[in-house]
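Trainee: After the structure tokens below, expect a handful of questions from me.
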Protein chains: 2
Amino acid sequence: MGILSIALVHYPVKGRKDETIASAITNLDLHDIARAAKTYGVERFYVVTPLEDQKALAEKIVSHWQNGAGAAYNPDRGQALDLVKVMSAMDQVAADIGRHYRTEVKIVATSAVQHLRSIGFPEFQTILAAPENENRVYLLALGTAWGLADEFMESADYILAPIAGKSGYNHLSVRSAAAIMLDRIRGDRESGM
Amino acid sequence: MGILSIALVHYPVKGRKDETIASAITNLDLHDIARAAKTYGVERFYVVTPLEDQKALAEKIVSHWQNGAGAAYNPDRGQALDLVKVMSAMDQVAADIGRHYRTEVKIVATSAVQHLRSIGFPEFQTILAAPENENRVYLLALGTAWGLADEFMESADYILAPIAGKSGYNHLSVRSAAAIMLDRIRGDRESGM
């Protein structure tokens, strides 16, 4: 089975007018995605931002719950935030994965819209389960703001199909999308548990 | 097919020491769950709190995105928050459903732990799909804080199984849990979209 990892990307992402921006850290993105990652057995949750003040903010949020007042108040939260690693850029993430897992990383971009080369969740699960991909790391990249920038999508190894519900509305929060994706990939749906 | 509705319950819920409390409104709970509800075609999202100041806060959040500065900034958000109805108690919710759908409501409680009478998601889908339940409303009740109070669980018509991932960690945010539940119940998982 391939290894699943997650990155929450704050640069390069799209702004309101499709321009490439660096977005701000959102406190609850870190909490919710760390808790979902912990629930589904993901070992590393990378938070990617090139902005020094934003990196400091992310580190501060994490350490509050690991060592600060939050650790005593709610120890479960620290366990989840232990998965967070704050990085300046995706090449740092790839290097960290290389060092830790001694393997190459495949970038799996996510999007709220269908792309020409989007693959469905069952297809991605087949890739993850293939014997030749055992011990390979698949990094699920989630875009903040208006989504991952075009250049990011183009350079990704795979693009995962958008989550479609029962309506044409496709504006899930990145927190909700991350939770649903992890559940689709790793959840025990057969037993309904 | 039965009709699905959602309630985010702020009373009666458990506090840290299992005491019954009224919890505070969290801005992003309203946003994230409204957006997920809209995505999965849920028509009504009830926010339940008996506290007048908290009801006022919830109404203010909703109207900011419906008519205020938020409506111009991000019209998609208003579309989702249009689903929100702020209510003082569950009997008001039941009365509203009765008035609107002219049918009785079945309360489906959710929990992070397994109960003796918990039913799995496939079983709940079978209930929803049963011809005799067509036009009946199933209200998915989500607890804030440390979860729905025991007396709420006991009086519910059904209890849905907890979402289990790949670890023993069961501390998803209510936002994440809501998104995953809606996707399990209503998502188009076969196509992986």
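No value in this document is a laboratory result; all are computed from the given coordinates. Just so we're clear, the structure is a prediction, and the values are computed from it rather than from any experiment. Note that each Cβ is placed from the backbone with ideal geometry, even for glycine, and that neighbours are counted across all protein chains shown.
Trainee: Measuring nothing but label to label, 7 Å from Cα along Cα→Cβ, what are residue B:72's distances to the other copies in nm, shortest first?
Mentor: Copy-to-copy label distances at residue B:72, shortest first: 4.8 nm.
Trainee: A further question on this structure: Would you mind checking the pairs A:38/A:106; B:38/B:85; A:38/B:166; B:60/B:85 and listing those with alpha carbons more than 19 angstrom apart?
Mentor: In this structure, A:38/A:106 exceed 19 Å between Cα atoms.
Trainee: Hey, got the dipole for segment A:3-186? About the Cα centre, +1 on K and R Cβ, -1 on D and E Cβ, debye to the nearest 20?
Mentor: Charge dipole, segment A:3-186, about its Cα centre: 420 debye, nearest 20.
Trainee: Once every DSSP H run of n ≥ 4 in chain A is given -39500 (n - 2.57) and the sum is divided by its residues, what mean residue ellipticity at 222 nm do you get, rounded to the nearest 500 deg cm²/dmol?
Mentor: -12000 deg cm²/dmol
Trainee: Could I ask something else about it? Can you pull the one-decimal nm distance between simple spin-label points at residue A:69 and residue A:166, each 7 Å off the Cα toward Cβ?
Mentor: Output for this residue pair reads 4.4 nm.
Trainee: Now, a different point. If you take each beta carbon of peptide A:159-171 and count the beta carbons of other chains within 10 angstrom, what is the mean?
Mentor: 6
Trainee: Let me ask something additional. I need the inter-copy label distances for residue A:168: point set 7 Å along Cα to C-beta, values in nm with one decimal, smallest first.
Mentor: 4.9
Trainee: Using every Cα-Cα pair within chain B, state what percent have a distance larger than 25 Å.
Mentor: Of the Cα pairs, 33 percent sit more than 25 Å apart.
Trainee: I've got another one for you. Calculate the mean, over all residues of peptide A:26-36, of how many other protein chain Cβ atoms lie within 10 angstrom of the residue's Cβ.
Mentor: For this peptide, the per-residue mean of nearby foreign Cβ atoms is 4.
Trainee: What share of the DSSP beta bridges in segment A:3-186 is antiparallel, in percent to the nearest 5?
Mentor: Within segment A:3-186, antiparallel bridges account for around 10 percent of the total.
Trainee: Taking each residue in B:178-185, count the Cβ atoms of any other chain within 10 Å of its Cβ, then average. What number comes out?
Mentor: The per-residue average across the peptide is 6.
Trainee: Given label points at 7 Å from Cα along Cα→Cβ, what nm distances, shortest first, separate residue B:119 from the same residue in every other copy?
Mentor: Label point to label point, same position, other copies: 3.7 nm.
Trainee: Output the peptides B:111-119, B:81-89, B:36-44 sorted from most to least packed, where packing is the average of other Cβ atoms within 10 Å over each peptide's residues.
Mentor: The densest-packed peptide leads the list: B:36-44, B:81-89, B:111-119.
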